[in-house]
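First the structure, in the form of structure tokens, and then the observations on it.
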Amino acid sequence: MQSPVGGSEQGVGGGGGPVDLRTDPRLGPLGGGGGGVDPAMREQQLQHELLLLKQQQELQKQLLFAEFQKQHEVLTRQHEVQLQEHLKQQQEILAAKRQQELEQKRKLEQQRHEELEKQRLEQQLLMLRNKEKGKESEYSINGFWYLNCCYGFIRGAHHTSLDPNSPPQSNTPGTPPSYKLPPLLGSYEGRDDFPLRKTASEPNLKVRSRLKQKVAERRSSPLLRRKDGTVISTFKKRAIEISGESAHTHYAFTLSSIMHLHTHIQIHCTLFNWNSTPCREVEERLVIFLPCLEKLHFLIFLSFSFPYLSLSPSHSRHPFLSIFLLHTLLSLPPSLSASPIISFSGLVYDTFMLKHQCMCGNTHIHPEHAGRIQSVWSRLQETGLLGRCERIRGRKATLDEIQTVHSEYHTLLYGTSPLNRQKLDSKNQKMYAVLPCGGIGVDSDTVWNEMHSSGAVRMAVGCVIELAFKVAAGELKNGFAVVRPPGHHAEESTAMGFCFFNSVAITAKLLQQKLGVSKILIVDWDIHHGNGTQQAFYNNPNVLYISMHRYDDGNFFPGSGAPEEVGVGPGVGFNTNIAWTGGVEPPMGDVEYLTAFRTVVMPIANEFSPDVVLVSAGFDAVEGHQSPLGGYNVTAKCFGHLTKQLMKLAGGRVVLALEGGHDLTAICDASESCVAALLGDELDPLPQAVLQQKPCPKAAASLERVIEIQGKHWSSLQRLAPTVGQSLMDAQRREKDEADTVTAMASLTVDTESTEEPMEEEPVL
């Protein structure tokens, strides 16, 4: 074995180990007296051997590094092959599933087509039977009799015949009257009444004679005459005659019966081949009438007369009555339907969004998981809030809708199946990263599921679009979208931060393009800045974006959202970033968020005067979220109060879309509070401590910086700048004092003007 200096194990002088020639005492001054060794030469030899040793070590190092690189390349190739095989398997599974779905869809379409064809044939057969068994005049007489029958039933409330003089049945005091409903058409056998359909065994003259007699009796009845002697001959006029007591009794049946009216009108339009436009008009008017309680009498009459129209082949039909209903509804004064009373809040949710999850199946290591929206939806059900709202059916957004914000490549990459993505340029196509958990994703947070993610992210966008369009069109007064994955981080060509498509930004674009909404306010109170939403509207003066987020001088994800970022070109001043700085010592809470709304958000929003308000409702600022997913201590109830303030804008047309927030209890509490606010419920008052507390100095400094920058664009901010450091109670007291002062000065001015009298002119001498 070689020694460290390259010599043999036998040292100089026959020793048993290596020796240092410079210090070994055995050599003496001349190297031990044996032969005389030159120290300089020995030193040179040692230096040479040391150099050789270093070269040998460097060579070994290079060989090891080359071996490492070789093994690394082998492992990398193996990993790529495994990943490709995995993706290929997923694509094959997806292709097989799609094939099954297409086959099933084809079968369903075929079945539906057969059913429609069968229904069409049955309808034609029924119409032929009608033509054979009756004439148009008979339909008219029968229809007129049925109008009188229904009116007599409602007018008498519990009379058993058409005779206006027949006494009502007695009822137990304190109980509603018992109603004897008229039997189905074609089976009525009253002794004094005629059947609605004549049979082959009855003489025609006898039937017509009895019909004329009944018509004459009804026309001469005092119940159908006004005080001035004119006959009331239309549905609407007759319905007005219903007494208040009768209307009160029938009200319990009206709401349930009105749905039958919708169904029957649709069926009659189909049976008699009427144009779809009047049918649709009738339905729209009926929907408008429903919340209008001052038109209750008219609804009562319709709801009781129409459900008893028989539609089975064994009973007669009365197109006269249906036509008369259509004519009556379409001829109503515009004042009845010009200002519909919309009293519903909307909720949208779809279980398809639950399928977006990491293929590893472990939800504990992925904060953005399906349990988020499941928990929120369950909470709304348990509290009864869901039952008080109108649930909206979701849908997948189209690729064209998504491309209003995102590039075509980005849309195809994340919005289509693997088979369709093969059309993309493979050189430019982004490869998904393999995550430590074994799944794949865009990054360590933004997971991807080849089977379901593309459909789920499109469903989230479509749900927000559907809800916002109904609110903007006046069909709903406001709404809350329980959706995932979130979207406000998604930029034009980049997916990040759990986000793929920017739902709120896409919705805003479509509201402008398709509904012509002039001005839209987007409020983003997620603790992370919505970099994608800011990018989408950075030069747009018709969309005001206000974000309230943790910034910490750019050290908090995503790093954007500085207060100096105010927009470019025509969009300057329409991008407002309330960027909290200073970390979490102390953390921001209710006082700071309410102060921001009082001094910045609401003044700018009121000055902007939007037509629709969209809210990126992330709840990761709620207490319970630790850094880096949160760190603040805002209460869930506070977001309910913030929602109440936003409802003062845009005529109350406010739509909230769930963004971030990963503590289940926190997001459930906050969602419950916001939905209760949208429904108009009385919220728990803010604690006295919150009203009396001043915002922390770091928050005050952040708000003062925002006001300094945005004050150049919004004049309403200047007046509130001195109140940033005040408590809510002090600020309210100050505003009240200012208002009282203005009122007093105005009153003083009026009094002064009223007391001034013109001076008397001196008489002319």
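Laboratory data are not the source of any read-out in this text; all were calculated from the coordinates shown. Not measured: the values here are computed from a predicted model. Quick reminder, even Gly has a Cβ in these numbers, built from the backbone with ideal geometry, and neighbours come from all protein chains shown.
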- Estimated inter-spin distance, Asp740 and Leu53, nm [label 7 Å along Cα→Cβ]: 9.4 nm
- Task: Net charge near His406: determine it from the other residues with C-beta under 13 Å of the C-beta of His406, scoring Lys and Arg +1 and Asp and Glu -1.
- Result: -3
- Task: Convert each backbone phi in the stretch 38-55 into a coupling constant with the Karplus relation 6.51 cos²θ - 1.76 cosθ + 1.60 (shift: θ = phi - 60°), then list the ³J(HN,Hα) values in order as whole Hz, x for Gly and Pro.
- Result: 6, x, 5, 5, 5, 5, 5, 5, 4, 4, 5, 5, 5, 5, 4, 5, 4, 5
- Message: For the ranges 110-118, 721-729, what's the packing order if you count other beta-carbon atoms within 10 Å of each residue, average per peptide, and put the highest first?
- Response: 721-729, 110-118
- Message: For the pairs Lys61/Lys88; Lys97/Lys477; Lys396/Lys519; Lys355/Lys644; Lys519/Lys637; Lys470/Lys637, flag any whose C-alpha to C-alpha distance is greater than 31 Å.
- Response: Lys61/Lys88; Lys97/Lys477; Lys355/Lys644
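One-quarter of the Cα convex hull surface for the stretch 430-498, in nm²?
On the way: hull surface 22.3 nm².
For the stretch 430-498, the mean projected area of the Cα convex hull comes to 5.6 nm².
Note down the net charge around Glu623, summing +1 for each Lys or Arg and -1 for each Asp or Glu among other residues with Cβ under 12 Å from its Cβ. Numbers along the way, then the final one.
Details: positive: Lys637; negative: Asp590, Asp620, Asp663, Asp669.
Result for the neighbourhood of Glu623: -3.
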- Item | Nitroxide proxy distance, nm - points 7 Å out along Cα→Cβ at Gln99 and Gln62 | 5.6 nm
- What ³J(HN,Hα) values, in whole Hz, does the Karplus curve 6.51 cos²θ - 1.76 cosθ + 1.60 give for the stretch 515-529 when θ = phi - 60°, with x put for Gly and Pro? 9, x, 5, 6, 10, 10, 9, 10, 9, 10, 9, 4, 5, 9, 5
- Message: Under the √(5λ) rule applied to the eigenvalues of the Cα gyration tensor, what semi-axes describe the equivalent ellipsoid of the stretch 435-583? Give them in Å, descending.
- Response: 25, 23, 12
- Message: Taking just the alpha-carbon atoms of the stretch 346-743, what radius of gyration and Dmax come out, in angstrom?
- Response: 20.3, 71
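Assign unit charges at the C-beta atoms only (+1 for Lys and Arg, -1 for Asp and Glu), then state the dipole size of the stretch 349-491 relative to its Cα centre in Debye, rounded to the nearest 20.
Numbers: 16 positive and 14 negative charges, 67 e Å.
Dipole magnitude for the stretch 349-491 comes out near 320 debye.
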- Residues with amide H under 5 Å of Phe619's amide H, sequence separation 5 or more or different chain, H placed in the peptide plane at 1.01 Å from N; which? Glu659, Gly660, Gly661
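Would you tally the net charge around Lys712, using a Cβ to Cβ cut-off of less than 15 Å, leaving Lys712 out, and scoring K and R as +1, D and E as -1? Walk me through the numbers on the way to the answer.
Details: positive: Arg705, Arg719; negative: Glu564, Glu565, Glu607, Glu704, Glu708.
Counting the neighbours of Lys712, the net charge comes to -3.
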- Note on the structure: Those GluC sites (Glu not before Pro) from the stretch 562-638 that are DSSP loop and have at most 16 other Cβ neighbours within 10 Å turn out to be Glu564
- Query: What residues have an amide H closer than 5 Å to that of Val634, excluding those fewer than 5 places away on the same chain, when H is modeled at 1.01 Å from N in the peptide plane?
  - Reply: Glu623
